[in-house]
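The values are calculated or read from the model by the stated rules, or taken from the named source; none is laboratory data. Please read all numbers here as calculations on a predicted model, not as lab measurements. Every residue, glycine as well, gets a Cβ built from its backbone with ideal geometry; the counts of neighbours run over all protein chains shown. The accessibility values were calculated without ligands, DNA or RNA, using every heavy atom of the protein model including side chains. Shrake-Rupley method; radii C 1.70, N 1.55, O 1.52, S 1.80 Å.
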Amino acid sequence: MVNSTTAAPFIPQIWANEALEILRANIQLAPRVTRDSDLATFQVGSTLHIPYPGTLVANDKVQGSPVTLQTPNSTDTTVTLNKHKEATILVEDFVRAQAQPILMQSYIEAQVVAIAEQVENDIIATYSLFSGSVGTSGTDLSAATLRAAAQKFTDNKVKKGNRNLLLSTKDVTALRADSSLQNFFAYNDGRDGTITTGELPRIYGLQLLESQLTPVVAGTPNSTKNFAFDPGAIVLASRALPEAPAGQGAVQSTIVDEVSGLVLRVTMSYSPNNLGSQVTIDVLYGVAKLRDQKGFVVLA
């Protein structure tokens, strides 16, 4: 018998909420950049103008005279919603899928991981838009390079607390083998077990993030593009997609993830050509650079 309990896996709202939990476990960069989300519907290719405040100066206050008025020289950052990514599956054995929630969970995970990886790649790709760099291509990352990155953040007047450094897997391995960091790692592992669990601690005020997606440009030598950034370096804008017309045989749910800022849409329908239930998870977003001084490449 099919009822609201057995059919729950095929309710879009439930599928969407399950997708959010998986998304949060598989995405690192989106929660660490500037996010701009809205459930208002937009089309692919729409352009957004996101205001960013300019710089003010501190003026001398002369006794008996008024304050000096300033008009913030704000600028707009243009973000084009040119990324429409989807992951679609066909479930032929509806009854079997209903009876095995674990199977449904695996379907959702496969879809969301594919989308999360694409979003991460698009954010990482902005590294090429930033002019600054530290480090040397073809040289494994070291404690000295980390100190240089921390200094560059400070010289660029980037506040502490949100300084992130995305690292390649080879450079994480190199840092763990760096003799000058052995005592640091041993201390942190004894305190909270971060090294034992594979997590990376904060070093010199930098939150280290490991990713196999970190770009490597082939050459002589190869150049690994580790990326240092503050949330103000990049903006990720996501908007809802239009709902399907009524009476078309599709049921949908749209939900915004408050952590990553992504707006996911889940669409379910029966495909008569394929004799199965078709489930699509898709997302509309755009990525753009905000401020050059808040991001730079750490070469290795």
Check your understanding: How much mean residue ellipticity at 222 nm does the chain get from its helices, if each DSSP H run of length 4 or more adds -39500 (n - 2.57) and you divide by all residues, to the nearest 500 deg cm²/dmol?
Key -> -8500 deg cm²/dmol
Check your understanding: In the chain, what percentage of the DSSP-assigned beta bridges are antiparallel, given to the nearest 5?
Key -> 80 percent
Point to revise | Net charge dipole size for the chain [Lys, Arg +1 and Asp, Glu -1 on Cβ; Debye, nearest 20] | key: 940 debye
Study note, to complete from the structure: Restricting to Cα pairs under 8 Å and 6 or more apart, the percent relative contact order of the chain works out to 32 percent
Review point. How far apart, in nm, are the 7 Å Cα→Cβ label points at Thr68 and Ile89?
Key: 6.2 nm
Study note, to complete from the structure: Mean separation of Cα contacts under 8 Å (at least 6 apart) over the residue count of the range 13-142, i.e. the relative contact order in percent, is 33 percent
Review point. In whole percent, what relative contact order does the range 155-300 give with Cα contacts below 8 Å and a gap of six or more residues?
Key: 25 percent
Check your understanding: When the solvent-accessible surface of protein heavy atoms is calculated with a 1.4 angstrom probe, in what order do Thr214, Thr169 fall, highest first?
Key -> Thr169, Thr214
Exercise for review: Describe numerically, in nm with one decimal, the distance between label points set 7 Å from Cα along Cα→Cβ at Leu39 and at Leu181.
Suggested key: 4.3 nm
**Study point:** 1.4 Å probe accessible area per residue over the chain, in Å²
**Key:** 51 Å²
Review point. For Thr78 and Val57, what does the FRET efficiency come to when R0 = 25 Å and r is the distance between their Cβ atoms, rounded to the nearest 0.05?
Key: 0.40
**Study point:** the chain - convex hull of alpha carbons, volume per residue in Å³
**Key:** 212 Å³
Check your understanding: Can you tell which of Val217, Phe296, Asn59 lies farthest toward the positive end of the dipole of the chain, using +1 and -1 charges on the Cβ of basic and acidic side chains (Lys, Arg; Asp, Glu)?
Key -> Asn59
Practice item. List the trypsin sites (Lys or Arg not before Pro) within the range 10-89 that fall in a DSSP loop (any state other than H, G, I, E or B) and whose Cβ has at most 12 other Cβ atoms within 10 Å. Key: Lys61
Practice item. Rank Ala218, Ala250, Ala148 by mean-square fluctuation in a GNM of the chain with C-alpha springs under 10 angstrom and give only the top-ranked residue. Key: Ala218
Point to revise | Environment charge of Thr224, counting only residues whose C-beta is closer than 13 Å and scoring Lys/Arg +1, Asp/Glu -1 | key: -1
Practice item. Subtract the Cα-Cα distance of Gln100 and Glu258 from 0.36 nm times their separation in residues, and report this length gain in nm to one decimal. Key: 53.9 nm
Exercise for review: For Val113 paired with Asp155, estimate the spin-label separation in nm (one decimal), with each label point 7 Å from Cα along the Cα-to-Cβ line.
Suggested key: 4.1 nm
Exercise for review: Pull up all non-local amide H partners of Ser133: gap of 5 or more, or a different chain, and H-to-H distance under 5 Å with H placed in the peptide plane.
Suggested key: Val297
